[in-house]
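Here, each number is a calculation from the coordinates, and none is a lab measurement. Everything quoted here is computed from the prediction, not taken from an experiment. Ideal geometry is used to build each Cβ from the backbone, glycine not excepted, and the neighbour counts take in all protein chains shown.
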Amino acid sequence: MTTTVNAYAAHAADQPLAPTTIERREVGPKDVRIEIEFAGICHSDIHTARGEWGAVTYPIVVGHEIAGVVAEVGPEVTKHAVGDRVGVGCMVDSCRECVNCRRGQEQYCLKGNIQTYNGIGVDGQPTAGGYSQQIVVDEDFVVRIPDGLELHVAAPLLCAGITLYSPLRHWGAGPGTKVAIVGLGGLGHVGVKIAAALGAEVTVLSQSLKKQEDGLRLGAQHYHATSDPDTFTALAGTFDLIVNTVSAAIDLDAYLSLLAVDGALVNVGAPAEPLSVNIFSLIPQRRSFAGSSIGGIAETQEMLDFCAEHGIGAEVEVISAEQVNDAWERVLASDVRYRFVIDAATLA
Ligand code: NAP
Ligand code: ZN
Ligand code: ZN
């Protein structure tokens with residue numbers, strides 16, 4: 001039997017989110033039922049619900065930064081127990097058989113992983129995300145939240161945290177490397193903290209200097225405004241790695257010019273429109289332009305353990321569910337300090 005729970009849903013691309021109820025599947029042998037305590041608001045929630053990335057099945061309940069407590073486990077569950085503090089990110093399952101799944105890179109599943117929302121779940125029903133009271137997920141796609149991390153600051157790590165941790169590790173951010181983070185929003189501010197904890201020399205490239213004090217407090221050594229054309233001449237050829245978190249299209253050639261020889265510009269920001277690159281921004285200094293998607297489940301656990309060890313949580317503004325539409329507008333206006341997190345108790 002399914003369980004009816006409260007949620008907030010978008011009923012169309014141009015409609016505000018509104019309260020509703022959804023059905024959660026019965027806990028299967030390997031499933032975990034999670035009582036959601038906090039759900040982060042990711043810019044991807046907005047891109048998706050507003051139809052910017054393609055087809056959406058409405059009504060849709062978004063949210064893929066989920067932190068909560070295990071309320072029920074199926075008889076074959078071994079990884080989690082009732083009362084455990086756990087998290088769920090952007091995926092709830094994958095094929096588990098393809099070469100990428102077998103390598104622990106479920107985010108790159110060749111058959112397409114099952115997304116936490118706007119996917120089709122193992123029960124054949126549309127998946128629904130974290131803006132709800134409960135979620136039922138296979139235990140293999142549920143991670144442990146270490147004791148040192150409070151749930152409200154841990155929730156955003158499930159997407160923002162892993163989305164920055166994975167490329168920072170993959171492209172070798174650490175002592176002796178110069179890393180720039182473009183955009184000090186939800187992803188960017190966690191990226192600054194993680195890159196600093198990895199030992200890199202961190203620079204924030206933001207539209208203005210409005211958040212400079214925060215950027216330096218979060219661990220950046222340098223902070224520059226991209227609205228100032230001098231920034232691009234002063235920093236030419238500087239960085240080993242630039243991670244671009246901006247949700248809109250930027251002038252890639254201008255940012256590529258900031259890379260040192262062999263440097264990489266990695267786009268995690270996911271604007272809907274195509275971007276263009278002048279190949280002569282890459283050739284002369286053997287530069288790369290790449291993308292990166294979240295991280296695998298084992299890597300997500302590693303990231304949470306790393307964050308707990310280094311005292312890294314997101315800087316959050318906890319809101320009630322009824323404030324979600326205002327919060328979305330503030331995200332769109334780059335007026336978020338630095339992640340909105342819905343207190344799921346307000347859905348009751
Ligand atoms: P966010 O909180 O809105 O942060 C984006 C930041 O980019 C803003 O705070 C702002 O920072 C800057 N920005 C926004 N508009 C800009 C513009 N027109 N020009 C220059 N800078 C601008 O969003 P988020 O939740 O961090 O997500 C960022 C992007 O990453 C979204 O596109 C999201 O869908 C994507 N994403 C991708 C993955 C992945 O796996 N690849 C995972 C999660 C999210 P400043 O004010 O400091 O300039
Ligand atoms: Zn996200
Ligand atoms: Zn697979």
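Below, the figures for the structure above:
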{"item": "Highest-MSF residue in the chain out of Asn278, Asn267, Asn118 [GNM, Cα springs under 10 Å]", "result": "Asn278"}
{"item": "Bridge type composition, the stretch 175-334 - antiparallel percent by DSSP, nearest 5", "result": "0"}
{"item": "Choice from Ile135, Ile242, Ile120 showing the highest fluctuation, given a GNM over the chain with Cα pairs closer than 10 Å", "result": "Ile120"}
{"item": "Spacing of the two label points (7 Å from each Cα toward its C-beta) at Ala270 and Glu322, in nm", "result": "3.2"}
{"item": "Spin-label model distance (nm) - Asp14 vs Ala55, 7 Å beyond Cα toward Cβ", "result": "2.2"}
{"item": "The chain - mean residue ellipticity at 222 nm from DSSP helices (-39,500 (n - 2.57) per run, n ≥ 4, rounded to 500)", "result": "-6000 deg cm²/dmol"}
{"item": "Value in Å of the Kirkwood radius, where the chain supplies the Cα pairs that are averaged", "result": "20.4"}
{"item": "Highest-fluctuation residue, Ala39, Ala220, Ala248 considered, GNM on the chain with Cα pairs under 10 Å", "result": "Ala248"}
{"item": "DSSP beta bridges in the chain [antiparallel fraction, %, rounded to 5]", "result": "55"}
{"item": "Residues in the stretch 138-156 that a label on Lys79 would reach, taking backbone N under 15 Å of a point 7 Å out along Cα→Cβ", "result": "138-146"}
{"item": "Alpha carbon centroid spacing (whole Å) that separates the stretch 1-27 from the stretch 196-230", "result": "39"}
{"item": "Separation between Cα centres of the stretch 63-87 and the stretch 135-185, rounded to whole Å", "result": "19"}
{"item": "Partners for Lys193 among lysines (Cα-Cα distance below 24 Å; same-chain residues under 8 apart left out)", "result": "Lys178, Lys210, Lys211"}
{"item": "Proximal lysines relative to Lys111, as straight alpha-carbon distance under 29 Å, when same-chain residues fewer than 8 apart are discounted", "result": "Lys30, Lys79"}
{"item": "Simple label model, 7 Å out from Cα along Cβ direction - Ala290 to Gln207, nm", "result": "2.9"}
